[in-house]
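Q: Here it is, the structure, as structure tokens.
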Amino acid sequence: MAEELPDLLDELSERDPSLLHDPERLRAELDEREWELLWRCGQGGGRKPLSDPEATGKISLSSPGLRNSENNRCLVGLRAILALAREDHGMADLLDPTRRLSLPREDPRREWLWPDQFQALLDAAAALDECVDARGRYQTQGRHAAVALLGLGGVRVSDFRTACWGHFSEADATLWIPKSKTAAGRRRLLLHPLPFAELVRRRESLPASRTGPQNPIWPTDTRRGRDRASVRNRLLAPVIQAADELLSQRGQRPLPRADLTR
């Protein structure tokens with residue numbers, strides 16, 4: 001369960017904040033396991049991170065606390081209020097307790113793929129797509145198309161896992177992203193030629209019953225949409241493992257150890 005909670009936190013952070021205050025709508029958006037975890041472990045207003053060894057009771061999944069950048073914006077706003085009080089309201093002697101006070105900037109850690117590493121991921125995904133297990137499932141996974149879109153399409157995992165065939169337009173080579181916590185996140189992506197060609201090839205390889213507008217582009221074996229864990233563990237983990245082996249055989253640098261499925 002400890003490994004699933006950070007994934008659920010990521011999932012909730014990408015939802016519209018108003019959804020977190022509407023249990024019925026939220027339950028409809030989450031799968032059964034995610035709702036169970038939220039019901040058992042989630043609360044509003046918590047402040048201790050999941051990694052805190054002293055964290056007890058329920059951890060807040062919907063309120064991770066203010067980041068340093070958000071605290072600094074609050075301090076800037078408070079300084080503006082104090083300046084207004086001094087300049088426009090005759091409070092020249094009012095002291096500013098926030099003077100020279102700010103929290104250190106938190107730059108996110110970023111890992112980049114080199115061209116040879118990304119090529120290894122594409123090669124590994126293509127090889128896996130050619131494999132057939134006892135039930136013939138592997139060829140329907142579309143891992144090569146998935147890696148191409150995630151690497152060159154400008155999508156996040158949340159965009160990728162909810163993508164349906166109705167969002168893909170072959171006529172103008174675009175993918176519509178309809179769900180996001182901000183208006184700017186709802187966008188139409190002009191696809192790079194590689195992921196576009198792979199999406200066309202994937203749709204042509206599937207029966208018509210699986211390519212309707214509401215059908216997920218990368219469903220699970222039970223034809224349902226994927227959650228983050230399924231994208232990471234079932235769809236991409238075999239690709240990453242195979243790509244590492246290819247890079248070792250080719251004498252090239254290994255993949256970065258950061259989570260490639262975030």
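The values are calculated or read from the model by the stated rules, or taken from the named source; none is laboratory data. Remember, it's a predicted structure, so these values are computed and weren't measured experimentally. Note that we place each Cβ from the backbone using ideal geometry, even for glycine, and neighbour counts take in every protein chain shown.
Q: Before we move on, is LEU191 modelled with pLDDT of 90 or more, of a type outside the set (S, T, N, Q), outside the structural domain of LEU26 (by TED's automatic domain parsing) and in contact with a Phe, Trp or Tyr (Cβ under 6 Å, 6 or more places away or on another chain)? Give the derivation first.
A: Working: modelled with pLDDT of 90 or more: yes; of a type outside the set (S, T, N, Q): yes; outside the structural domain of LEU26 (by TED's automatic domain parsing): yes; in contact with a Phe, Trp or Tyr (Cβ under 6 Å, 6 or more places away or on another chain): no.
For LEU191, the condition - modelled with pLDDT of 90 or more, of a type outside the set (S, T, N, Q), outside the structural domain of LEU26 (by TED's automatic domain parsing) and in contact with a Phe, Trp or Tyr (Cβ under 6 Å, 6 or more places away or on another chain) - is not met.
Q: In the set GLU106, GLU111, GLU11, which member is modelled with pLDDT under 70 and assigned to a loop (DSSP other than H, G, I, E, B)?
A: Values: GLU111 fails: modelled with pLDDT under 70; GLU11 fails: assigned to a loop (DSSP other than H, G, I, E, B).
Being modelled with pLDDT under 70 and assigned to a loop (DSSP other than H, G, I, E, B) holds for just one of GLU106, GLU111, GLU11, which is GLU106.
Q: Take ASP129 and tell me if it is in contact with a His (Cβ under 8 Å, 6 or more places away or on another chain), modelled with pLDDT under 95 and either under 18 Å from ARG234 (Cβ atoms) or acidic (Asp, Glu) (or both). Show your work before the answer.
A: Numbers: in contact with a His (Cβ under 8 Å, 6 or more places away or on another chain): yes; modelled with pLDDT under 95: yes; either under 18 Å from ARG234 (Cβ atoms) or acidic (Asp, Glu) (or both): yes.
It is true that ASP129 is in contact with a His (Cβ under 8 Å, 6 or more places away or on another chain), modelled with pLDDT under 95 and either under 18 Å from ARG234 (Cβ atoms) or acidic (Asp, Glu) (or both).
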